Structures are given as structure tokens and as C-alpha cells.
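Notes to accompany the following structure.
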Amino acid sequence: MPPEPAPAIVGIVGAGTMGAGIAQLALEHGHEVVLHDVDDAAIDRGRDRIREGLGRRARRLALDPAAVDAWVDGRLAGLRQAETLALLAGEADVVVEAALEDLALKREIFRALDESAEAETVLATNTSALSVSAIAEAVDRPERVIGLHFFNPAPVMRLVEVVTTARTDSGAAERATALVASWDRTPVRSADSPGFIVNRVNRPFTIEALRMLEAGEASVEAVDAAIRQDGFPMGPFELIDLAGVDVNLAAARGVWEGLGRPERLRPSAIQERLVEAGHLGRKSGEGFYRYVHGRRVDVAAEFAAAATTLDADVIRDRIVLGVAGEAWTAVAENVATAADIDLALRLGAAHPIGPFERTERRGGRAAVRARLEALGRRDVALLLADRQ
Ligand SMILES: NC(=O)c1ccc[n+]([C@@H]2O[C@H](COP(=O)([O-])OP(=O)(O)OC[C@H]3O[C@@H](n4cnc5c(N)ncnc54)[C@H](O)[C@@H]3O)[C@@H](O)[C@H]2O)c1
């Protein structure tokens, strides 16, 4: 029998939250990992984080306690630092870039990687919001550039959006997809369009909630309760507070701008106000709720008197059917397939069922359109119209 091919050597640029998480995944699956960061202290912190993560993983695998350290040390032995991007690119078969979210910086990194990497090496970016094509334009061989959008925490979240540009070579996309699948992740294919799948299709989840709050139609708690009742692990306001009001607003702005400022996705003035006031959610002690020592105590004073005039099923439908409308638009724009969108929202945004599965369950597209019309959301209902 021919010997098994050696697992690919994985290069990772940036040893922060995402870089360390992706490195851990690669090490778990037997790869050698070469890590580069401009900051040596970040490498040390990244190595500590990877060690802890591997330890947690070993305990979950129910390894004999005596075997845990040996397993962790064995995996960590595959981790090396590369002093320069050229050294990293020279030996990696696949590179995943997880440095700061800055287009000029990423273009510079990709240019350096492209100059030193073998022709076969796949160059991937973990960008959440930048255009992969804009990064690829900086290099001589854009056909090997791809997006591999992991979610945080990377060792836990199963979803990876594989983002191809108009110039990505299908072989490079297949290799990158096979690699993340071999790491026990679930790859979905997305076009290079604003917000990819999850950050775009799930926008109405928070925007529609904010609209109802702004219009005095539903309180923070009423919205969160209606959504939890539907099987979501948390409501939109709990989610915004957890992610950071500023982070959510930046994502909302990015997708809104990227799609040409559609009215339905216009960011909310409430969030702008909260960010200006420094009320950023859990991390600042106040957002839509108030937190003491990291524990939620009550609704923030600003929202305490908000009224609720809508029934829970109306609140729920405005949100989940809003997501369905965005999902149909994404398919019509060839961002992704319906099946991949369903998977992505279940695995990447904790939806109990995907928007297309929900549409089926609610009697099909015409029934959902009729419900949206009855809810006064004609603009969203139109998104479900037949565009053939
Ligand atoms: N944190 C998330 O939830 C999340 C999720 C998905 C994608 N992303 C994306 O992943 C990327 C990294 O995010 P993060 O949260 O891990 O950031 P982070 O700030 O935790 O880590 C970034 C690291 O990159 C290093 N760095 C900066 N410039 C560099 C350079 N020129 N070369 C090499 N390293 C450099 C920094 O020293 C730092 O250690 C960003 O593009 C972000 O948008 C983040």
C-alpha cells in the first residue's frame, strides 16, 4: 500500500483570538502549524491559549488524565513560529490569515505571501467583512486566494464559510473545502458579497428587533422572550449585548453600505446613540440590559418604560420572516444555495431551523408573503416574489 500523504503544513498569520483558535484546530488534526505575528508577546499568548484549548479538547475526548499532558504536548510539538511572512509562506501548503481587519494591511500581507509561496499553496483570509476580491487584487496569482471565514470560538463553532471570488481556481476551493471538512467543520460556499451568508442573512434578526423598539411596538424583554420561546438560545438584544453594540453596529453598517444602502437594512439610530454614550453591552456594563460583575441585573434605564403592543407571534414573525426575506434575496443574488443558507444559520447563528425550512413549514413562499403583507411588511414580502 502506498504511504499516506503527510498532512498539509498550515501557516497562520496573526496569533490573536482567531489565529490561535484555527491553529488549535489544525494541531488537533495532526498538522504541523507555522505561526507568524508581528508581536512576539502575541505568539506567547497564542501558544498559551492553544495549550489551554488542547487541554480542554483532550478532557472532552475523555482521555485518561495521565494521557492528557502527553497528548497536549504531542500536538503542541507541531507548532513553530515563523519570524517572517516569507519563511511562513515558503513552507506552508495552506495559509490562513487572521491578522487585523484592515484592507491595506491584508493586501500587504497577501502580497508578501504570494511572492514567497509555491504555486500550489492556497492563501486564505479569515476576514469577516472585507472583500476577498479586493485582497486578491493585490497579488500576482489571485486564483489561489480564497476566504475561509471561521466563527468565534473557532475550535467550537462548526461552520466555515468558504468564500470564492470570480477568479478563484476551483481546485484551490476544493482543497480548502476538503481541509476544513477534515477538521470536522461544516463548510458552506458563499460568493464574495457583503456579509457573506450569516452576517448578511441574519441582519434582520437584530434590525427588525430594533425597529420595533424604536417604534414603541415592543420592549427589549418582550422581543427577547418571543424569540427564546421559538427555540433560539438568546434574543436579539441579548445577542447584541454579548457581541458588543459597537461590533453589531459596525457589521450592520458594513453590510448596509456594501449592498447599496437598502432601506430595509438601515442601521438603527438607537445603536448609534448607545455607542456614542459608551454603552457597548456586557463588556461596558450596560447596553440594552445592565450588568453587575458580568451578570445581568435588569433592563437599562433608557428602555425600562418601553411598551409592548404586539403579540409574541407577531414579534417573532417580523424577525424570523424578515430573515427569510433576506435569505430569498441572497439566493436570487447567487450568494449561496438555499441548503447552505439553512445550514449556515443553524450552525453559525444558532437558529433552531433554517429560513427555507421555516418557509416550508409555514406553508411555502406564498403563505409567508401573505403573512408579511398582513404584518405590514410589504417591502420584505416583495423579497419573496418570483424573480424569474
Ligand atoms: N474575533 C471574531 O469574532 C472574528 C470572527 C471571524 C473573523 N474574524 C476576523 O479574523 C481576523 C482576526 O481577528 P481576531 O479577533 O483574531 O483579532 P485579534 O486582535 O485577536 O488578533 C489579531 C492578531 O494579528 C496580529 N497582527 C497585526 N498585524 C499583523 C501583521 N502585519 N502580521 C501578522 N500579524 C499581525 C496582532 O498582533 C494580533 O495578535 C480579523 O480579520 C477579524 O475580522 C474575527
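Read the figures in this text as sums done on the coordinates, not as results from a lab. In this text, all values refer to a predicted model and were calculated from it rather than measured experimentally. Because the Cβ atoms are built from the backbone with ideal geometry, glycine has one as well, and the counts that use them run over all protein chains shown.
Quick one: helix 40-60 against the long Cα principal axis of the chain, what's the angle to the nearest 10°, folded into 0 to 90?
Tilt of helix 40-60: around 80 degrees.
Using a cut-off of under 14 Å, list every residue of the range 322-336 whose amide N is near the label point 7 Å from the Cα of Arg189 along the Cα-to-beta-carbon line.
334-336
Residues with amide H under 5 Å of Leu280's amide H, sequence separation 5 or more or different chain, H placed in the peptide plane at 1.01 Å from N; which?
Here the answer is Glu286, since their amide H atoms fall under 5 Å of that of Leu280.
What ranking do 306-313, 378-385 get when scored by the average of other Cβ atoms within 10 Å per residue, highest first?
Ranked by mean Cβ neighbours within 10 Å, highest first: 378-385, 306-313.
Please compute, over every Cα-Cα pair in the range 201-250, the percentage with a separation greater than 13 angstrom.
55 percent
Whole-Hz ³J(HN,Hα) for each residue in the range 118-124, computed from phi via Karplus 6.51 cos²θ - 1.76 cosθ + 1.60 with θ = phi - 60°, x for glycine and proline: what do you get?
4, 4, 7, 5, 8, 10, 10
On C-alpha positions alone, give me the angle between the axis of helix 103-116 and the longest principal axis of the chain, in degrees, nearest 10.
Roughly 30 degrees between the two axes.
Just the Cα atoms of the range 198-388: what Rg and Dmax do they give in Å?
Spelled out, the Cα radius of gyration and Dmax of the range 198-388 are 16.0, 54 Å.
List the residues whose amide H sits under 5 Å from the amide H of Thr125, counting only those 5 or more places along or on another chain, with H placed 1.01 Å from N in the peptide plane.
Counting only residues 5 or more places away or on other chains, the set is Glu97, Ile146, Gly147, Leu148.
Provide, for q = 0.13, 0.17, 0.20 Å⁻¹, the log10 of I(q)/I(0) from a solvent-free Debye sum over equal Cα point scatterers in the range 9-192.
For the range 9-192 at q = 0.13, 0.17, 0.20 Å⁻¹, log10 I(q)/I(0) is -0.60, -1.01, -1.39.
Mind jotting down a quarter of the surface of the convex hull over the alpha carbons of the chain, in square nanometres, one decimal?
Mean shadow area of the hull around the Cα atoms is 21.8 nm².
Give the angle, between 0 and 90 degrees and rounded to the nearest 10, that separates the Cα long axis of helix 365-374 from the longest principal axis of the Cα atoms of the chain.
Its long axis makes an angle of about 50 degrees.
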